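Inspection log for the structure reproduced underneath, given as structure tokens.
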Amino acid sequence: MATTEPRPVPSAFPSLAPHLLAQAVRDMRLTWRARGVLAELAFGYHPGQEPTISELTSLTRTERHAAEGREAFKKAVAELRALGYLKPDGSSKTGVGERLVVDLAPAAGARMPGGDHGVPTDGS
């Protein structure tokens, strides 16, 4: 893969429901790996500049630095899709080059470690 310029990092988080975001990144139905991928895709890119799954899985070992490999990433994406946290944006019928859109609605049913630990459910 040809090296591309890195996408700029947002200076502020997108306007996602903070209580759902807090629940999503602590959802014990997900592995730590999947929660990390969810966090990156939820607020690691400017809207409209999110990478495609193909772009992320085609990064070379050098470009990934210390990041886990392609298979680990693919498993995390499959996990997030299975629970509904990631949905295709409809840009591709085959899934090749597909962008996945973050949906935090499944966080409403999140299993939290040891209960909710004070995560607000009213959006405050």
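We did not get these values from a lab; they are worked out from the coordinates using the rules stated. On a predicted model such as this, the values are computed, not experimentally measured, just so you know. A quick note on method: Cβ atoms are made from the backbone with ideal geometry, for glycine too, and the neighbour counts reach across all protein chains shown.
Per-peptide packing, taken as the mean over residues of other Cβ atoms within 10 Å, places 66-72, 107-113 in the sequence 107-113, 66-72 from highest down. Across q = 0.20 Å⁻¹, the range 20-63 modelled as identical point scatterers on its alpha-carbon atoms has Debye log10 I(q)/I(0) values of -0.75, in the order of the q list.
Summing charges over neighbours of Pro106, with a neighbour being any other residue whose Cβ is under 14 Å away from its Cβ, gives +3 when K and R count +1 and D and E count -1.
Report the FRET efficiency, 1/(1 + (r/R0)^6), for Lys87 and Glu63, where r is their Cβ-Cβ distance and R0 is 25 Å, rounded to 0.05. Show your work: numbers first, answer last.
Details: r = 26 Å, r/R0 = 1.05.
Rounded to the nearest 0.05, the efficiency is 0.40.
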